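First comes the structure, then the notes that go with it.
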Amino acid sequence: MLHDPNRVYVFDTTLRDGEQVPGCQLATAEKVEIAKALEALGVDVIEAGFPISSPGDFQSVVELSKAVTEPIICALTRANRKDIDAAVASLQYAKRPRIHTGIGSSDMHIKYKFNSTREEILERAVEAVKYAKGFVEDIEFYAEDAGRADNEYLAQMVEAVIAAGATVVNIPDTNGYCLPDQYGAKIRYLKENVRNIDQAIISVHCHNDLGLATANTLAGIVNGARQIECTINGIGERAGNTALEEVTMILKTHHALNLHTNINSKHFSEISSMVSRMMRMPVQPNKAIIGQNAFAHSSGIHQDGFLKHRENYEIINPEDVGIDQSDIILTARSGRHALKHHLERLGYTIDRINLDQVYENFLTMADEKKHISDDDLLLLMSDGKDDAFKNGYKLKLLQVLCGDPLSPTATVKLEFEGQEHEALARGNGPVNATIKAIESIIGKAVDLKEFNIQAMHGGSDDVSKVNMRVVYNGKSYLGYGFNTDIVQASASAYLDAVNKFV
């Protein structure tokens, strides 16, 4: 039945099983937006909802059927005619419709959920598939709680529903109970003992109650399953479902498995954020593939190894999952290599900096703060107290007179290569007068192109951050200054830029 035995089909149930999480319900318009993103991602099947459950779910299946073209649109039912009729009606506009019907297969469910017998359940399963097959060609059958089902009975059920017309057989570990070797062995048993198994695709649907959803899904694929059922960010009932991004990146990373999907992984970051935002369900920072820490390095040893060769500490290129670049997080555990990397990124010339002195000051700051930001580094480099530059101008004195009717006047004293230089200048404001005084000392034609002032936190006593961009000999240089005094911050920013080319 499969044209490519190494192709793994991706069945996304974010909008059905994923939406069953309390507080994560979506409006139809939101479901349509996510469905279009799933189509762009390259999923093969979108489970759009459970039509009989509510008018809203019914309408969502209708609208998703209209909105997307490429993926199969699937509607969930129980093994009864009323459910199937609702699914058929909801799929009337689907270009490629599928009905997903099924019933419990474990003795636990047969006895305590259905109060029935194996024989009666088998009859209901076959009757549901036959009835659905009269309306839709593509029928998927789920053997609920297959993870705890007796393998011999499960094989009997799978063989019967394939004979009745099922094109896909879903073997769910509904309660996340199985260990990977158990689940893999179950799939292998079906491959070896169901006589007509080659007439259907085996699908795996795993829950994460024991944190094994991805491992079990992989075990199922390795043993012959060729459809994976999963959700974006691993959301779903209780502890969630198999995370789509995890299992597909495993297949992409482990080439020896010789298995592939149609997923464009570069969309992962975007669609993960979309689902998290719309469902109001934050992604844990250490979540594999798309967590904010998935490509972040804070240990000095790791940072040094990463900066020497990315693959020392990363097996996935962040660009492959839609993330621009990895993060080198500066903390008290960071080393000189990481600090040097960030200073160079901010425009500082390392061979003109006393890196050892800056690093000592950095560690003092890092002991006080859990995380060092760019603003912290800029403050560290421009506060004039650390003797960071081997050469360069240092502000020793700044006095400004201004106010009606005085003409703004600035007196500036700079130290350069052990000698002090002083100048006085007037301008159309205190900052302008200060910059003119500095210009008269350095004696270079510097063109100020951008000048921005920003309060860092808020309040009249706040520290002001000044950004400046100057042009010298056709090249741009950025400068930063921090101070509660805006004029002082401006002078520091200007000198910070100048010192980068002096």
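The values are calculated or read from the model by the stated rules, or taken from the named source; none is laboratory data. For clarity, every value in this text was computed on a predicted model and none was experimentally measured. Reconstructed Cβ throughout: ideal geometry from the backbone, glycine too, with neighbour counts over all protein chains shown. We work out accessible area using only protein heavy atoms, side chains counted, and drop any ligands, DNA or RNA first. Shrake-Rupley method; radii C 1.70, N 1.55, O 1.52, S 1.80 Å.
Are there trypsin sites (Lys or Arg not before Pro) in the stretch 333-383 that DSSP marks as loop and that have at most 10 other Cβ atoms within 10 Å, and which are they? Walk me through the numbers on the way to the answer.
Working: sites: 333, 336, 340, 345, 352, 369, 370; in loops: 333, 369, 370.
In loop regions of the stretch 333-383 (DSSP not H, G, I, E or B), the sparsely surrounded trypsin sites (Lys or Arg not before Pro) are 370.
At what distance in nm do the modelled label points of residue 253 and residue 356 sit from each other, each positioned 7 Å from its Cα along Cα→Cβ?
4.0 nm
Out of residues 5 or more away from residue 176 or on other chains, whose amide H comes under 5 Å of its own, with H placed 1.01 Å from N in the peptide plane?
207, 209
Could you calculate the FRET efficiency of residue 312 with residue 191 from 1/(1 + (r/R0)^6), where r is the beta carbon distance between them and R0 is 51 Å, rounded to 0.05? Numbers along the way, then the final one.
On the way: r = 40 Å, r/R0 = 0.78.
E between residue 312 and residue 191, to the nearest 0.05, is 0.80.
Given a 1.4 Å probe and every protein chain left where it sits, what share in percent of the accessible area of the stretch 1-104 is carbon and sulfur?
So the carbon and sulfur contribution to the accessible surface is 53 percent.
State the percentage of accessible surface on the stretch 252-365 attributable to carbon and sulfur atoms; use a 1.4 Å probe and exclude ligands, DNA and RNA.
47 percent
In nanometres, what is the gap between the two model label sites at residue 406 and residue 471, each 7 Å from Cα along Cα-to-Cβ?
A separation of 3.5 nm, rounded to one decimal place.
Against the 2.2 N^0.38 Å scaling, with N counting residues, where does the stretch 55-153 land? I'd like the Cα-based Rg ratio to two decimal places. Don't jump to the answer; show the numbers that get you there.
Details: Rg = 14.7 Å, N = 99, 2.2 N^0.38 = 12.6 Å.
Dividing the Cα Rg of the stretch 55-153 by 2.2 N^0.38 Å gives 1.16.
Any idea of the accessible area per residue across the chain, 1.4 Å probe, to the nearest Å²?
In whole numbers, the chain has 46 Å² accessible per residue.
Which of rounded, prolate, oblate describes the stretch 123-251, given a ≥ b ≥ c as roots of the alpha-carbon gyration tensor eigenvalues and a/c under 1.5 marking rounded, otherwise prolate only if a/b is larger than b/c?
Cα axes put the stretch 123-251 in the prolate bin.
How about the stretch 221-306: which GluC sites (Glu not before Pro) there lie in a loop by DSSP and see at most 14 other Cβ atoms within 10 Å? Walk me through the intermediate numbers first.
Details: sites: 229, 237, 245, 246, 270; in loops: 237.
Here no loop site has a sparse enough neighbourhood.
Hey, with R₀ at 45 Å, roughly what FRET efficiency would residue 440 and residue 336 work out to, going by the Cβ-Cβ distance, to 0.05?
The computed FRET efficiency comes out at 0.75.
What pairs in 66/111; 340/436; 95/266; 444/465 have C-alpha atoms more than 30 Å from each other? Intermediate results must be reported in sequence, preceding the final value.
Numbers: 66/111 41 Å; 340/436 32 Å; 95/266 26 Å; 444/465 25 Å.
Over 30 Å Cα-Cα: 66/111; 340/436.
Report the Rg/Rh value for the chain, based on alpha-carbon coordinates and the Kirkwood definition of Rh.
Result for the chain is an Rg/Rh of 1.19.
Which percent, to the nearest 5, of DSSP beta bridges fully inside the chain are antiparallel? The partial results should precede the final answer.
Working: 36 of 72 bridges.
Just about 50 percent of them are antiparallel.
For residue 422 and residue 280, compute 0.36 nm times the residue count separating them, minus their Cα-Cα distance, and round to one decimal in nm.
Values: separation 142, 0.36 × 142 = 51.12 nm, distance 5.90 nm.
Difference between extended and current length: 45.2 nm.
Could you compute the FRET efficiency for residue 111 and residue 299, with r as their C-beta to C-beta distance and R0 at 51 Å, rounded to 0.05?
0.45
If the chain between residue 292 and residue 130 were fully stretched, how many nm would it gain, using 0.36 nm times the residue separation less the Cα-Cα distance?
Result: 53.6 nm gained on full extension.
In whole Hz, with x marking every Gly and Pro, tabulate ³J(HN,Hα) for the stretch 226-243 from phi via Karplus 6.51 cos²θ - 1.76 cosθ + 1.60, θ = phi - 60°.
Karplus values, whole Hz, x for Gly and Pro: 10, 9, 10, 10, 7, 9, 5, 6, x, 6, x, 3, 6, 8, x, 10, 4, 7.
Is the stretch 213-298 rounded, prolate or oblate when judged by the Cα gyration tensor, a ≥ b ≥ c being the square roots of its eigenvalues, rounded requiring a/c under 1.5 and prolate requiring a/b larger than b/c?
It comes out prolate by the Cα gyration axes.
With each label point set 7 Å from Cα along the Cα-Cβ vector, what nm distance links residue 415 and residue 179?
7.0 nm
Within the stretch 392-492, what whole-number % of the accessible surface is contributed by carbon and sulfur, with the 1.4 Å probe and all protein chains included in the calculation?
Ligands and nucleic acids excluded, carbon and sulfur reach 45 percent.
Would you compute, for the Cα atoms of the stretch 205-247, the largest minus smallest coordinate along each principal axis and list the three values in descending order, in whole Å?
Dimensions of the stretch 205-247 along the principal axes of its Cα atoms: 27, 19, 13 Å.
List the aspartates and glutamates whose Cα lies under 13 Å from the Cα of residue 500, skipping any in the same chain that are fewer than 8 positions away.
Cross-link targets: 344, 351.
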